[in-house]
Structure formats: structure tokens, C-alpha cells
Amino acid sequence: MHDKLLIDGHLVPGATMAPVINPATGQTIAMAPRADAALAQQAIAAARRAAPLWAGTSPDERGAALEALATAVETHAQEIARLLTREQGKTLSEALGEVEGSVAALRYHAGLRLTPRVLKSSAQEMVVEQRYPLGVVAALVPWNYPLLMLVLKLAPAIVAGNVVIAKPAPTTPLATLMLGALAAEIFPAGVVQVLAETGEIGPLLVAHPGVDHVSLTGSTATGRKVLNGAADTLKRFTLELGGNDAAIVLEDADIGAIAPQLFVGATANAGQVCLGIKRIYVARGKADELCEALAALTHQAVTGDGMNPASTLGPVHNAAQQGRLHAMIEEARTLGKVVAEGACPAEGFFIPPMVIRDLPDHARLVQEEQFGPVIPVLPFDDVDEAITRANASDYALGGSVWSGDAKRGLEVAARLRTGLVWVNRVFDLPFDVPLGGARHSGMGRHQGIEGVEEFTQTRIVNVALG
């Protein structure tokens with residue numbers, strides 16, 4: 001179910017085949033079909049034919065289709081999870097969590113409805129805000145959460161009445177192709193299409209006048225390319241881009257209670273989470289205690305093949321990412337102090353979990369989005385200093401504050417210039433709460449009814465009454 005593209009309601013071969021690599025071994029696990037420009041043009045033409053028909057369906061019909069897709073994914077959850085682990089690298093339990101989250105996201109969005117909003121009403125006039133679908137949506141999906149990130153684009157776009165062309169990352173096509181095979185049994189031709197490719201189709205979709213909206217989750221560099229590519233056609237876009245999220249641990253925090261949450265926040269999916277903790281600023285009086293707690297968790301972690309039930313951390317996703325992290329770690333060894341370093345297999349794209357303290361702010365591990373299980377712990381002397389250092393980044397996706405006093409935590413959170421701040425928690429992402437990055441971390445909103453509205457055009461209807 002993962003060896004065909006989905007174009008115009010048909011499962012079709014690719015123009016070429018390309019390997020899919022298992023990050024745990026570095027070996028090829030499958031040959032996946034890849035689209036070329038001609039197939040992409042066919043998909044766009046099919047989408048344009050389907051768009052007005054799908055927009056004419058009722059919200060209940062669209063919701064029922066998403067419910068049916070949720071049931072199909074749930075039925076094949078184990079198979080999809082194994083594909084995710086083998087192509088992406090995450091542990092099987094994390095992959096199952098991604099599948100379950102995708103099912104929940106489909107069901108949540110299936111129940112959403114856009115309703116007109118009356119802005120003014122009197123005996124003389126009525127002004128109503130309506131929303132209608134944009135048309136053809138290109139969903140450009142990253143490799144760290146291939147299924148969930150697609151569903152969080154596809155579901156709101158579909159329920160709003162749009163049609164979707166999904167383009168998975170070149171390195172993680174398999175789970176998305178399987179989703180396409182399931183969608184082929186549910187949606188009319190052209191409503192959902194899947195184009196796996198090797199790198200050239202994304203720019204084509206972004207620039208094509210037949211695509212009305214581009215929804216990207218990816219790096220900030222890729223976001224800039226999308227903005228440039230979309231400029232000529234003035235198409236709409238939603239961008240969720242990179243993050244370098246800071247956690248601020250105040251002197252009244254209970255280190256024993258929060259250390260496991262901080263560790264998971266920094267190392268989930270081998271540290272490859274956009275909203276993950278990338279740097280920890282801790283009150284100097286608590287720095288030693290926090291480092292000791294994180295070191296113990298580092299040594300308890302089991303890094304290995306995600307298909308092994310004993311593994312708690314998988315590899316990073318690709319050789320380039322592994323090499324980049326090696327360079328950052330080597331610099332950090334010279335600039336700071338390694339508190340703890342776990343073990344990892346020699347084969348595959350593995351990075352050991354690490355805790356490194358006392359790095360200067362100019363270190364790459366502090367400045368950049370490292371996307372790996374390496375935790376910089378950075379002591380501070382007063383809260384104003386911590387806030388200034390946390391805000392000293394072009395990235396502004398998320399962050400967290402940890403305190404024994406929730407009110408004080410909220411006061412500190414209010415000074416962080418990011419799109420999201422947690423207080424005494426991390427990775428709490430209910431679907432009914434909208435999210436969005438600030439500055440170089442993105443534009444637009446995701447999730448909630450606001451996320452559905454991103455895929456619509458506002459229309460104001462101004463009526464003179466008798």
C-alpha cells in the first residue's frame with residue numbers, strides 16, 4: 001500500500017524510483033515511486049477540476065470523509081507505525097503515538113464547522129462575514145513527523161472545502177503513500193493526492209498559478225524559498241518554521257519533579273521536535289542539581305534501533321544531520337563542560353544523548369536549532385538576564401518557564417517573545433488551541449478553528465434592508 005502515487009483518484013507508478021533509507025542502519029529498506037514535473041502537472045489539473053465540486057459539498061459530507069479516513073488509519077495503525085519507525089527512525093512507541101495523534105486530529109477536525117459571523121445587524125442593514133475555500137492547497141511536509149504534520153494540514157483544509165496535494169519529504173514518503181492509498185478509497189478523484197518526489201516538485205507547486213495556498217512545515221531557510229516562490233502569484237501561505245526554544249528554570253523550581261519533563265522535552269524523537277527544548281537557562285543555585293538529574297536520565301536512556309522495544313531513543317534522521325551535530329558537539333566540548341554522555345550504536349545515524357553546561361551564548365549549540373538529543377544547560381544570575389538571553393534569537397516558536405509558583409511563572413512567560421510559552425509543562429498541544437510562530441519561526445495559525453480559517457478567504461456581505 002505504499003508503492004504508488006495517488007493522482008486524480010488513481011494509484012499510479014512514479015516516473016522514477018528512489019531508495020528510502022533506514023536511519024538506524026543506513027541501509028535501503030524500500031524503493032519508493034517519485035513524481036516528475038509531468039505527473040505534478042497532472043495532479044494540479046485534477047485538483048483544479050475537483051476543487052469546485054468539493055467546495056460544493058456540505059460540511060457534514062466533508063466531516064464524514066475525514067471520519068472515514070480516521071477509521072482507516074486506525075485500522076492500519078500498527079503497519080503505519082512500523083513504516084514510520086523504519087523510514088524516520090523514531091521508536092515504535094513514538095511512531096504509534098504519532099499515528100494515534102493523527103487519528104485524533106482527523107476526528108477533531110471532522111467535527112469543526114465554519115459559520116457566518118454577523119458583524120452588524122439593525123432594521124436598516126446587516127453585515128455578515130463569510131468564509132469560502134481557497135481551492136487547491138499544497139501541503140509540504142517535513143521528515144520529523146511525516147504523518148501527523150500532513151494530517152494537521154490536510155484535515156483543516158479538507159473540512160474547509162479545499163482539495164489537497166500532499167508532498168512528503170523526499171526521505172520519508174512511505175507512511176504518506178500509505179495514507180494516500182487509504183484516501184483513494186474515500187475521497188472523490190482529485191480531492192486528496194500524494195506526490196512523493198526527490199526535491200524538484202516542491203518549488204513547482206509553490207510557484208504554480210494553479211495552486212492557491214501553500215502550507216509548509218520546515219526550516220526557516222525553506223520558508224524563505226516558499227515566500228520567494230509564492231510572490232509572483234500572490235498565493236496564500238502558512239509557514240511553521242524552525243525553533244530554538246528556551247526553557248527557563250527559576251530558583252524556586254522543584255528539580256526532582258521537573259527534570260524528567262525537561263529531559264523528554266529535549267530528547268523526544270531524538271531531539272527532532274520543532275517545539276522541543278533546545279536550551280535550558282537555570283538559576284545558578286539550581287544548576288548543579290539540574291545537571292545531576294539530567295545526567296542520571298541520560299545514562300538511563302537506551303539509544304538504538306526504534307524497532308527494538310528496549311530502545312528509548314532512536315537515531316537522528318539522516319547522515320547530514322548527524323554530521324552537523326558532530327561538528328556542534330566538538331565545538332561544545334572546547335567551549336563548555338560535558339556533564340554526561342550516553343552510549344549509542346556505531347552503525348546508523350546515531351547521536352548519544354548528552355548534557356553540556358556553561359557554554360557561551362555564541363556557541364553553535366546555543367545559537368542554532370540543533371535538532372538532536374544534546375542538552376545545553378546555561379546558568380543565569382537573575383531573571384532579567386535569563387529573559388534577555390532567551391529572547392536573543394531570531395527564532396520565536398515556543399518556550400517554557402518552570403517555577404514552584406505558577407503565578408510567577410506566568411509573569412516570566414509574559415515577557416518571552418515567542419508564539420507559545422508553556423508554564424510547568426511541555427508538549428501540551430490540544431487540537432482546539434491555535435498555534436503559530438513569531439519572527440523567523442513562521443506565519444499563520446495552526447489548529448483550532450483559526451487553523452481552519454487559514455485555508456479560507458474572508459468575504460464581507462453588506463446588505464441594505466428594506
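Tabulated data
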{"item": "Cα lying deepest toward the dipole's positive end in the chain, options 423, 241, 47, charges on Cβ", "result": "47"}
{"item": "Surface accessible to a 1.4 Å probe, residue 25 within the full protein complex, Å²", "result": "40"}
{"item": "The chain, dipole about Cα centre (Lys/Arg Cβ +1, Asp/Glu Cβ -1), debye to the nearest 20", "result": "1040"}
{"item": "Protein accessible area in the stretch 375-435, 1.4 Å probe - carbon and sulfur %", "result": "49"}
{"item": "Carbon/sulfur fraction of accessible area - the stretch 106-171, other protein chains in place, 1.4 Å, %", "result": "57"}
{"item": "Two-site FRET efficiency, residue 465 against residue 234, from Cβ-Cβ distance with R₀ of 60 Å, rounded to 0.05", "result": "0.95"}
{"item": "Whole-number accessible area per residue in Å² for the stretch 350-466, which is evaluated in the context of all protein chains at 1.4 Å", "result": "42"}
{"item": "Cα-centred dipole magnitude for the stretch 239-390, charges only on beta-carbon of K, R (+1) and D, E (-1), debye, nearest 20", "result": "400"}
{"item": "Set 120/235; 90/235; 90/153; 90/337 screened for pairs whose C-alpha atoms are more than 25 Å apart", "result": "120/235; 90/235; 90/337"}
{"item": "Relative contact order [Cα under 8 Å, 6+ residues apart], the chain, whole percent", "result": "19"}
{"item": "For the stretch 35-112, accessible area per residue (1.4 Å probe, heavy atoms of protein chains only), Å²", "result": "39"}
{"item": "Label of the coordinate-derived value, log10 I(q)/I(0) by the Debye sum over Cα atoms at q = 0.07, 0.08, 0.11 Å⁻¹, listed as (i) -0.37, -0.48, -0.88; (ii) -0.41, -0.52, -0.86; (iii) -0.50, -0.62, -1.05", "result": "(i)"}
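The values are calculated or read from the model by the stated rules, or taken from the named source; none is laboratory data. Note that the structure is a prediction, hence the values are computed from the model and not measured. Cβ: placed from backbone, ideal geometry, glycine included. Neighbour counts: every protein chain shown. Note: accessible area is taken over every heavy atom of the protein model, side chains too, but ligands, DNA and RNA are not part of it. Shrake-Rupley method; radii C 1.70, N 1.55, O 1.52, S 1.80 Å.
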